[in-house]
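The structure appears below as structure tokens.
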Amino acid sequence: MSTYLKSAASTSVAMTDAEWDARVKLAACYRIFDHLGWTELIFNHISLRVPGPQRLLLINPFGLHYREVTASNLVLINLQGEAVRESPWPVNRAGFVIHSAIHGAIDEAHCVMHTHTTAGVAVSCLKAGLSPHNFYGSQLNGRVAYHDFEGRTVDEGERGRLVRNVGSKKIVILRNHGLLAWGPTVDEAFFDLYMLQRACEVQLAAAAAGEINEIAAAVLDDGSRLSSPADNRRKCEDVFAALQRIVEQKDPLYRQ
């Protein structure tokens with residue numbers, strides 16, 4: 001089976017202001033991932049649904065590093081993996097299978113992110129999975145879904161099983177594979193993935209250092225300290241905006 005999805009631009013979709021804004025936001029996110037070191041050569045993906053009546057997705061052109069992604073070279077595809085506007089770049093089948101499954105099945109999933117960071121893959125290989133016994137992991141207790149490894153993700157038949165395992169949880173560990181987060185906005189998906197990444201990093205560091213001091217179950221089970229949805233959205237927006245200012249200073253050409 002080919003790694004690439006053919007670029008069958010049989011239809012032409014006009015560029016809207018909303019799509020351009022989405023392109024700039026997504027390009028900024030790719031540059032933030034690069035800034036944080038969450039890259040894997042030309043692999044992995046962040047996808048974003050374009051506002052509008054059609055369920056169309058923006059995804060990175062396969063063959064470019066994240067630091068080369070710009071607003072204009074993102075590829076617009078449908079849920080069948082077809083480019084709906086001409087692009088010189090192909091789309092990676094593995095990225096399409098994972099991302100289109102979640103975008104297609106979950107109405108609220110406007111943004112989907114997937115990484116292969118060392119800490120994330122390492123924790124995904126652990127039988128017990130993510131530990132709740134650190135500052136970051138405790139905030140994710142009960143919020144993480146797991147999907148078993150089925151080999152390289154190119155089989156479209158896996159999509160249904162992935163969606164069933166994800167359910168309504170926005171934070172996912174793909175066992176023996178890596179990390180995934182989805183959300184109604186880029187900001188919210190990013191913050192969840194950041195928390196998951198930090199939880200994995202601290203878990204591995206603590207396990208290497210000595211015996212873990214477990215957090216009391218009553219503290220783990222108490223969700224009363226969580227912020228309100230409005231406060232959470234504002235926090236996520238502020239975090240992303242701060243990082244976007246950093247990448248803007250490094251290279252504002254992502255906006256092109």
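Across the stretch 157-165, coupling constants 3J(HN,Hα) worked out from phi with the 6.51/-1.76/1.60 Karplus curve, θ = phi - 60°, read x, 6, 4, x, 5, 4, 4, 4, 6 Hz, and Gly and Pro carry x. Our helix-only sum for the chain, with -39,500 (n - 2.57) per DSSP H run of n ≥ 4 divided by its residues, gives a mean residue ellipticity at 222 nm of -13000 deg cm²/dmol. Taking Rg/Rh (Cα atoms, Kirkwood Rh) straight from the coordinates, which label in (1) 1.09; (2) 0.94; (3) 0.96 is the correct one? Given (1) 1.09; (2) 0.94; (3) 0.96, the calculated one carries the label (3). For the stretch 159-216, the mean projected area of the C-alpha convex hull, equal to one quarter of the hull surface, is 5.6 nm².
Remark: the stretch 119-132, residue by residue, has Karplus-estimated 3J(HN,Hα) of 5, x, 5, 4, 5, 5, 8, 7, 4, 7, x, 6, 7, x Hz, where x stands for each Gly or Pro and the curve is 6.51 cos²θ - 1.76 cosθ + 1.60 at θ = phi - 60°. Of the residues PRO61, PRO132, CYS200, the one whose Cα sits farthest towards the positive end of the charge dipole of the chain is PRO61 (charges of +1 on Lys and Arg Cβ, -1 on Asp and Glu Cβ, taken about the Cα centre).
In order along the stretch 19-25, the phi-based Karplus estimate (6.51 cos²θ - 1.76 cosθ + 1.60, θ = phi - 60°) of 3J(HN,Hα) comes to 5, 5, 4, 5, 4, 5, 4 Hz; Gly and Pro are listed as x. Each residue in SER228, SER47, SER100 was given a count of other beta-carbon atoms within 10 angstrom of its own, and listing them fewest first yields SER228, SER100, SER47.
Computed from the alpha carbon positions, the gyration tensor of the stretch 133-231 leads to an equivalent ellipsoid with semi-axes of 25, 19, 12 Å, biggest first. The amide H of HIS45, built 1.01 Å from its N in the peptide plane, has HIS114 as neighbours under 5 Å, considering only residues 5 or more places off or on other chains. Each peptide among 156-168, 77-89, 56-68, 178-190 gets the average number of other Cβ atoms lying within 10 Å of its residues, and from highest to lowest they stand as 178-190, 56-68, 77-89, 156-168.
Bridgeable aspartates and glutamates around LYS235 (alpha carbons under 14 Å apart, same-chain partners fewer than 8 residues away excluded): ASP187, GLU188, ASP192.
Between the stretch 179-234 and the stretch 8-59, the alpha-carbon centres lie 25 Å apart. Please list, short to long, the whole-number percent of alpha-carbon pairs of the stretch 99-180 in consecutive 10 angstrom bins beginning at zero. All Cα pairs, binned at 10 Å, distribute as 17, 53, 27, 3 percent.
For the stretch 32-92, the Kirkwood hydrodynamic radius from C-alpha pairs, put into Stokes-Einstein at 4 °C and a viscosity of 1.567 mPa s, yields a diffusion coefficient of 107 µm² per second.
Every number here is computed from the coordinates shown, using simple stated rules; none is lab data. This one's a predicted model, so the numbers in the text were calculated from it and none came from an experiment. We place every Cβ from the backbone using ideal geometry, glycine too, and count neighbours over all the protein chains shown.
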